[in-house]
Structures are given as structure tokens and as C-alpha cells.
Amino acid sequence: MIEKILEGDIRTVSRALSLIEEGGGQGTRSLLKSLYPYSRHSLVVGITGGTGTGKSTLTECLAREFLKTTQKVGIIAVDPTSPFSGGAILGDRIRMQSLATDPNVFIRSMATRGRLGGLSAAVNDALVVLAAAGYEVLLVETVGVGQDEVDIAETADVTVLVLVPGMGDDVQTIKAGIMEIGDVFVLNKADRDGAEKARLELDALCSFLVPKQGWVPPIVETVATEGKGLSELVSAILDFKSAVMESESMLKQRIGFCRKRLVDLLRDRLVDEILSKVGDRELDHYAERVAVHELDPYSAVEELVKLGKL
């Protein structure tokens, strides 16, 4: 699998991503360990924003624009989880069907599986596989997010925040954490009424943001359905890459994000190991005791950890 992935074999890449989503255990971890050294040269662009901002159309058009100067583009579209199958509701992938036949584009829908923050837990591992397979630009479109769902900033090299005019209460639109993660702001559907007002509000907001290495997020107006503003958006993304990404402060930020990822992986690994030793029957037994208030949940966890012999 490793050799075929490095050669860019699409079927093997697809199989590897399926194993990752299924939580393939030690075999999948070994695969990712081998691929990780080959995954450092891709540019990861996160595309996030509220529902209805046109992220899918923008992602599709952005992929086409990058293909003018890039050989291969990978797209991960994070979709809501189906309440029946647990898989991704393929809305985003359906919208990108015009790219499906392009041999230089790989599109994968991934379910959130209940994960908050706008991303799937498997996205980081999927990016390792795609980067190793030679996809030079990786676009990650999040599920529609709210004000505090900012996981994409810990995954992407550049975060593109998509907004549209007339999204309701202007204060709500600009007030919280999600605005602080944007490296590039996109005012999509800029042909709508209220675009100028929205642009002025974004300009005012930028004056309050703390610049990264002197970088103030540019505001790019686009009409994705007509292909307008896409070349300017690519230029803004590449400008951020050259101006900020290689700086010492960004390295410190990446170290912080990697530290958090290591803690997340440790937590997942330890939970899996405990549950594999405890077993469902014992876990159900403790859950029942907590439910009838025979035992408090904190003591139950302490006993489960002892049973797991950690």
C-alpha cells in the first residue's frame, strides 16, 4: 500500500482513507508512520464559514484555479453525519461532480461522526495520505460552522473564512472566535445587495485583529458561481504562505497545535486500550450502577482505570 500510495494510485489512496475512517488499528498507524515523512510539502488550505455562504462552489472553483499552476489538487469535504448509516451525507461531493472526472483532482467526503469544531477526527490522517500521494494543494472544506468551532485553524496552513452579505445580525456575524482564525477573508456572493456595507464592516473588524507577523487578513470579493475573484483569492493565499508561514512565530504556533494533537492521540489511544481490557459487559455494569446512583461517575472512572491496568 505504501508504494502504491507514493505512486499516486487512486484506488489505494481511497482504500487507505476508508481504513482511517474505520479506525483501522495498528495496521493503519504503521501505514501513517511510513507515509508521514513524505507529507511535508503540500499546502493545506482550510475553507470555513457559516452554512449557505457558498463554500462548496468556492472550493470547486478554487481547485480549478489552482490547477492552472498545480499538477494535483486534493479535496476533503467534511459533511454532516447520516443519522442512519453514520457516514457522510454527500451534499458537498454531489455539488463538485464537474471535478469528479478530472484525473488530477481527488475528492473525498468525510463524516463529522459527532465531532464538534467543523472537522472529522480523521481529517489530519487523511491529509497525510493525500500529501504523500503527491497532491500539492489540499483543500479542506468544513461543515457549516458557528462562532466557536475553529478546529480548521489547527489543521490548515492557511484558513480562508467565507462570509456573504446579508447574513442577519451584523454584530453576531463579526463578534466571536471564528473571525480571529481567518488568514484571508472572502466576501462571497459579492453581487448581492449589502456587499459594500459588509465590506466596510470587515474593514473595521480587521483594524481590531492582532496581525500575524504584520499580516492583516485581506478581504477578497468573489462571485464563485461566475468565477469572479478566484485568481485574486489564490494570490492572497500564496502571499500569506510566502509572508507568514515560514516565520518563527508560525513555527511556534505549529508546535503548539502539534502538542495538542499529541495529547488528543494519547487520549484516544489510552481510552481504546482501557475499553479493550474492560469489555462492554463490565462497562455496562458500571454505567448501570451510576444510573441508579449506587456509584458516582468519578469513582467509576477510577475503578475502570484500575481494571484497565494503566
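Would you point out the residue of region 56-75, among those that are part of a helix (DSSP H, G or I) and not hydroxyl-bearing (Ser, Thr, Tyr), that is farthest from PRO103 (Cα to Cα)? So the residue we want is LEU58.
From (1) surrounded by 15 or more Cβ atoms within 10 Å (Cβ to Cβ); (2) assigned to a loop (DSSP other than H, G, I, E, B); (3) of a type in the set (Lys, Arg), pick out the condition that doesn't hold for ARG40. ARG40 satisfies all of (1) surrounded by 15 or more Cβ atoms within 10 Å (Cβ to Cβ); (2) assigned to a loop (DSSP other than H, G, I, E, B); (3) of a type in the set (Lys, Arg) except (1).
Among all residues of region 21-37, there is none that is assigned to a strand (DSSP E or B) and without any contact (Cβ under 8 Å) to a residue 60 or more places away in the chain.
For LEU200, the test of being closer than 17 Å to LEU161 by Cα, modelled with pLDDT of 85 or more and in contact with a Ser or Thr (Cβ under 9 Å, 6 or more places away or on another chain) is failed. In region 176-195, which residues are surrounded by 12 or more Cβ atoms within 10 Å (Cβ to Cβ), more than 26 Å from the chain's Cα centre (by Cα) and not basic (Lys, Arg)? Passing the criteria: ASP191, GLY194, ALA195.
The values are calculated or read from the model by the stated rules, or taken from the named source; none is laboratory data. Predicted, not measured: the structure shown is a model, and the values here were computed from it. Note that we place each Cβ from the backbone using ideal geometry, even for glycine, and neighbour counts take in every protein chain shown.
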